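Quick notes on the structure that follows.
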Amino acid sequence: MAHAASASPSMNEFEALLNESLGEGPVEGTVVKGRVIAVENGQAIIDIGFKMEGRVDVKEFNTPSKTADLQPGDEVEVYLDRVENAKGEAVLSRDKARREEAWDRLEKGFEAQGRVEGTIFGRVKGGFTVDLGGAVAFLPGSQVDVRPVRDVGPLMNTPQPFQILKMDRRRGNIVVSRRAVLEETRAEQRSEIVAKLAEGDVVEGVVKNITDYGAFVDLGGVDGLLHVTDMAWRRVNHPSEILTIGQTVQVQVVRVNKDTQRISLGMKQLMSDPWDGVDRKYPVGGKFTGRVTNITDYGAFVELEPGVEGLVHVSEMSWTKKNVHPGKIVSTSQEVEVMVLDVDPHKRRISLGLKQCLANPWEAFLAEHPRGSTIEGEVKNITEFGLFVGLDNDIDGMVHLSDLDWNRPGEQALADIKKGDVIRAKVLDVDVEKERISLGVKQLDSDPFEEGASGVKKGDVVTAVVSEVNDGGVEVQVEGMKAFIRKADLARDRGDQRPERFAVGDKVDAKVLSVEKASRRLSLSIKALEIAEEKEAVAQFGSSDAGSSLGDILGAALRKREEQ
């Protein structure tokens, strides 16, 4: 018995053997450690312990940047798919082991929002594939760089950092970004560069991009905006007139915002300011030649020299063309002569006049047609207050209604004239400042009232011809002059003060009460004449106190008049 006991294993040894054969072995679906026993026919035979071996293709141990060189005795980690296959071998996978290992590592990096290293190794629709040390990720085309990259060739198969944007282990999806890493690095560099910049610094940069409003200049890791208005003192319509992409330029830092990290640059600040002493160079009243650079609704800008522009307001463009768009008077790039009207160096403004360099048509008209001279012109327009006559140099003269006819009302005289008629008129007045010319048609003939009234004074007895009878009295004509006898002045006796007693064409004698030159009329009275005649008769032929009747006295006076 003692011999038998010594020949058989002890209980402890038996327990160890039992655990070895039945104890906890490798679990399917996990990564296990193994040792390379041999390499044959492109496969590695790997012992994973527990008397289990499996085969793995050697190429599974390759990486995008390195080919594996397995030797017997090397320790490796593999993924145990199944404990035993039909050949009685363990089913192992290095790819799956690497993937599991990588996912564990990547998930930790994703949670820490850190960067991971990877290698771009292939192209797929919409982007590229990236090896993250065993796990394959998708790199969208928009996430390759901060700006579109035409050739990704130089970036392929080169280890570089990436930022994980999205992970889904169940579906095996990983999305990464190279751009996020670049932007982060760029932001750090930008902060460093911006911190060193100060307003007034002169730096060198490269034109990176050109827009309608300016250009972006790379200052070595940070971009600054060179606005179109800061490129030159002169007017620049588009930045491409001065700059090209890739051009190296020297610029001055105009403004730096440390918070937003925005940098404003200027080129013109490095040049002399043409506005210095501009008031001495371009004095008020001086005439200069310039080039039209821009035309607006309210005028045109004229460049006197590079960087110095003045505005010709629309009101200063033409003597005669009013309410006309400036573009119909001048054109862009046209050379014009202008006069300086006002200079404000502080506001950098110069007011110019175009018409001041041309002859004033009203001054020219007055020199050629002094007041009192006669002109001839076409009726351009007829209004309710008169008519306009076209004159030389596109100017007009106006004939007021009151200056059309001596005897007829203006409205009546105007009815005989139509647009397009050529008429003669006399120059009455020329106001150069107000740009007005007053003409008269009736002044071509002498005033019949002035001629007739020259020999007539208050108290004279005149013979008049009845021209019109109305309820208020009688209109008469006296040697071409108009006169009016009121109803109360038609007779001495009230019963005879009836207008209907008179007919058109009747001749009557009357006394002049007044000569009204303003209204060009005479005021007459038959009644005043009769009273005067009666007084004269009484004085000559007796007195009513002597017993003679008024009828006798008047009768004697009449007989004497007839005898004479």
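The values are calculated or read from the model by the stated rules, or taken from the named source; none is laboratory data. Only a predicted model underlies this, so the values are computations on that prediction, with no experimental measurement involved. Backbone-built Cβ (ideal geometry, glycine too); neighbour counts: all protein chains shown. Note: accessible area is taken over every heavy atom of the protein model, side chains too, but ligands, DNA and RNA are not part of it. Shrake-Rupley method; radii C 1.70, N 1.55, O 1.52, S 1.80 Å.
Quick notes
Quick grid of which residues meet (1) part of a helix (DSSP H, G or I); (2) among the small types (Gly, Ala, Ser); (3) at pLDDT below 75; (4) open to solvent by 50 Å² or more (accessible area, probe 1.4 Å):
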site	(1), (2), (3), (4)
Lys482	no, no, no, yes
Ala491	no, yes, no, no
Val508	no, no, no, no
Leu513	no, no, no, yes
Ser519	no, yes, yes, yes
Leu558	yes, no, yes, yes
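- Here Gly285 meets each of (1) at pLDDT below 90; (2) at positive phi; (3) not hydroxyl-bearing (Ser, Thr, Tyr) with one exception, condition (1).
- When Gln412 is tested against (1) touching an Asp or Glu at 6+ places or on another chain (Cβ under 8 Å); (2) exposed (fewer than 13 other Cβ atoms within 10 Å of the Cβ); (3) in contact (Cβ under 8 Å) with a residue 40 or more places away in the chain, just one condition goes unmet, and that condition is (3).
- Hits in the range 493-506 - residues which are open to solvent by 60 Å² or more (accessible area, probe 1.4 Å) and on the phi > 0 side of the Ramachandran plot: none
- Count of the range 120-157 residues, restricted to those that are modelled with pLDDT of 90 or more and hydroxyl-bearing (Ser, Thr, Tyr), is 1.
- Qualifying positions in the range 368-381 - open to solvent by 60 Å² or more (accessible area, probe 1.4 Å) and closer than 24 Å to Asp416 by Cβ: Thr374, Glu376, Glu378, Lys380, Asn381
- Residue in the range 410-423 that is acidic (Asp, Glu) and assigned to a strand (DSSP E or B) present: no
- On the stretch given as the range 102-132, residues that are charged (D, E, K, R) and in contact with a Ser or Thr (Cβ under 8 Å, 6 or more places away or on another chain) total 2.
- Number of the condition not met by Gly122 [criteria: (1) under 28 Å from Ile46 (Cα atoms); (2) open to solvent by less than 20 Å² (accessible area, probe 1.4 Å); (3) out of contact with any Gly (no Cβ under 7 Å at 6 or more places or on another chain)]: (1)
- Of all residues in the range 45-87, those satisfying the criterion of being at pLDDT 75 or above and either part of a loop (DSSP other than H, G, I, E, B) or in contact with a helix residue (DSSP H, G or I) (Cβ under 8 Å, 6 or more places away or on another chain) (or both) are Gln71, Pro72, Gly73, Asp74, Val76.
- Answer from Gly386, Gly390, Gly377 - the residue that is over 27 Å from Leu522 (Cβ atoms) and touching a His at 6+ places or on another chain (Cβ under 6 Å): Gly386
- Which listed residue, of Val152, Val124, Val144, is among the aliphatic types (A, V, I, L, M) and touching a helix residue (DSSP H, G or I) at 6+ places or on another chain (Cβ under 7 Å): Val144
- Checking Lys166 against (1) open to solvent by less than 60 Å² (accessible area, probe 1.4 Å); (2) not in a helix (DSSP H, G or I), the condition it does not meet: (1)
- On inspection, Asp405 qualifies as touching a helix residue (DSSP H, G or I) at 6+ places or on another chain (Cβ under 6 Å) and either within 30 Å of Gly290 (Cα to Cα) or without any contact (Cβ under 8 Å) to a residue 60 or more places away in the chain (or both).
- Scope the range 332-377; condition hydrophobic (A, V, I, L, M, F, W, C) and without any contact (Cβ under 8 Å) to a residue 60 or more places away in the chain; matching residues: Val336, Val338, Met339, Val340, Leu341, Leu354, Leu358, Ala359, Ala364, Ala367
- Enumeration of residues in the range 181-217 that are out of contact with any strand residue (DSSP E or B) (no Cβ under 7 Å at 6 or more places or on another chain) and part of a strand (DSSP E or B): Ile210
- Qualifying residue in the range 105-118 (condition: within 20 Å of Thr185 (Cβ to Cβ), surrounded by fewer than 15 Cβ atoms within 10 Å (Cβ to Cβ) and modelled with pLDDT of 75 or more): yes
- Leading residue by the ranking (modelled with the highest pLDDT) among those in the range 236-263 that are under 22 Å from Val302 (Cα atoms) and surrounded by 15 or more Cβ atoms within 10 Å (Cβ to Cβ): Pro239
- Some residue of the range 531-542 being buried (at least 18 other Cβ atoms within 10 Å of the Cβ), modelled with pLDDT of 85 or more and either closer than 24 Å to Lys457 by Cβ or in contact with a strand residue (DSSP E or B) (Cβ under 8 Å, 6 or more places away or on another chain) (or both): no
- The number of residues in the range 452-492 being of a type in the set (Gly, Ala, Ser) and at positive phi comes to 3.
- Pairing residues of the range 418-443 that are farther than 17 Å from Asp405 by Cα and open to solvent by less than 40 Å² (accessible area, probe 1.4 Å) with residues that are part of a strand (DSSP E or B) and among the hydroxyl-bearing types (Ser, Thr, Tyr), at Cβ distances under 9 Å and at least 6 apart in sequence or on separate chains, gives Val430/Ser438.
- The number of residues in the range 432-459 being among the hydrophobic types (A, V, I, L, M, F, W, C) and at pLDDT 80 or above comes to 5.
- Subset of the range 293-312 that is touching a helix residue (DSSP H, G or I) at 6+ places or on another chain (Cβ under 9 Å) and under 14 Å from Ile350 (Cβ atoms) - its residue that is modelled with the lowest pLDDT: Gly307
- The residues on offer are Lys527, Lys458, and the sole one that is open to solvent by 50 Å² or more (accessible area, probe 1.4 Å) and outside any loop (DSSP other than H, G, I, E, B) is Lys527.
- A count restricted to the range 382-394 and to residues that are touching a helix residue (DSSP H, G or I) at 6+ places or on another chain (Cβ under 9 Å) and buried (at least 17 other Cβ atoms within 10 Å of the Cβ) stands at 3.
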